[in-house]
Amino acid sequence: MVLEWHESNVAGVRVTHWQKESAPSIVNAISSKPVRVVETLNGPAIHVYAYGKHELAVRTYREPAKSIDVFNTLKKSVEEKAALTEVPFAKIRDKNNDVSVVTLWKKGTRTLHEYLDDLNVGLDAKKITCKRVVRLVAKLHAAGYSHGHVHARNILLYKNNQPVLCDPRLLIQRDQSLKFWPWESRKKDFTWSMGVGGEKFDLFEYCGKWVTYHLNRLAFTSIDRREAIVNGKSFERELEQHYHDHYDKLVNSRN
Ligand SMILES: Nc1ncnc2c1ncn2[C@@H]1O[C@H](COP(=O)(O)OP(=O)(O)O)[C@@H](O)[C@H]1O
Ligand SMILES: [Mg+2]
């Protein structure tokens, strides 16, 4: 995707936006009543507005500098085709100097957590999707970005199970001069993912446990249960290996 950016002034509101979209129509959309307000745990509430057949997600961070930072990093990551993260749509500075980051609300998606919890989806399909997810994260890392909190509620899946990352508040471009040990650099992003009953796991562990969670619960005998656990553990290792293989392949092809 090649995005051309444009600066416009709409009655004192400054808009940085995709060239093919008109600034007044963006300002007009986000001046209407939101179709929904999504409360978040850590960031500002997301106001969602109708925009033709699309929806816009608007976040206004308390510090204008933070909004500018998030927008610029998202914009750069998309321009560099680093990975499928939330698509930046516009940056808006209003008359009070508040700055909002406008991205596209991904319609028709559900979180990785909801997907893995779905009893109607089989084990093999879940494993394939988890592999897609770690390849996406490896791609982001190999491009020099760190998402900051890759966990199951920040990964959205379309109906065809194509993953995208949302929640860009901690997205950074890593300082290449810092020269992390490769291992540290790769591990850095895998913060905790919610588990069962408040337990916390990193992404690999989480996927390993969650793909077999229902098998484990529905197992009739302790032997079946043990088998589900072993299966989950071996998938966890396979997934971690898959991440590293993909990361190495991408890094080598860049050098
Ligand atoms: N662009 C988006 N498109 C669709 N859903 C989104 C988008 N951004 C966030 N969400 C949904 O809203 C939830 C909360 O947003 P998020 O930015 O992760 O805030 P927090 O982690 O602080 O609660 C996400 O887990 C996801 O389900
Ligand atoms: Mg989140």
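Before moving on, here are some points about what is shown:
- For segment 3-18, filtering for residues that are free of Cβ contacts under 8 Å to residues at least 24 places away in the same chain and part of a loop (DSSP other than H, G, I, E, B) leaves 2.
- Residue within segment 72-87 that is in a helix (DSSP H, G or I) and among the hydrophobic types (A, V, I, L, M, F, W, C) present: yes
- Within segment 193-207, residues that are in the same structural domain as CYS130 (by TED's automatic domain parsing) and assigned to a helix (DSSP H, G or I) reach partners that are at pLDDT 70 or above and β-branched (Val, Ile, Thr) with beta carbons closer than 7 Å, at six or more positions or on different chains, in the pairs LEU203/VAL150.
- When LYS126 is tested against the conditions (1) at pLDDT 95 or above; (2) touching a Leu at 6+ places or on another chain (Cβ under 7 Å); (3) within 16 Å of ligand 2 (Cβ to nearest atom), the lone failure is (3).
- For segment 12-27, a residue qualifies if it is touching a helix residue (DSSP H, G or I) at 6+ places or on another chain (Cβ under 8 Å) and not polar (S, T, N, Q), and the qualifying residues are VAL13, VAL15, HIS17.
- Residues within segment 151-163 that are surrounded by fewer than 21 Cβ atoms within 10 Å (Cβ to Cβ) and more than 13 Å from ligand 2 (Cβ to nearest atom), tallied: 5
- A count restricted to segment 48-98 and to residues that are over 18 Å from ASP167 (Cβ atoms) and within 16 Å of the chain's Cα centre (by Cα) stands at 1.
- Pick from segment 95-145, criterion of a type in the set (Gly, Ala, Ser) and within 16 Å of ligand 1 (Cβ to nearest atom), ranking: farthest from GLN173 (Cα to Cα): GLY108
- Residues located in segment 19-48, provided they are assigned to a strand (DSSP E or B) and away from ligand 1 (no atom under 16 Å from the Cβ): none
The values are calculated or read from the model by the stated rules, or taken from the named source; none is laboratory data. Not measured: the values here are computed from a predicted model. Backbone-built Cβ (ideal geometry, glycine too); neighbour counts: all protein chains shown.
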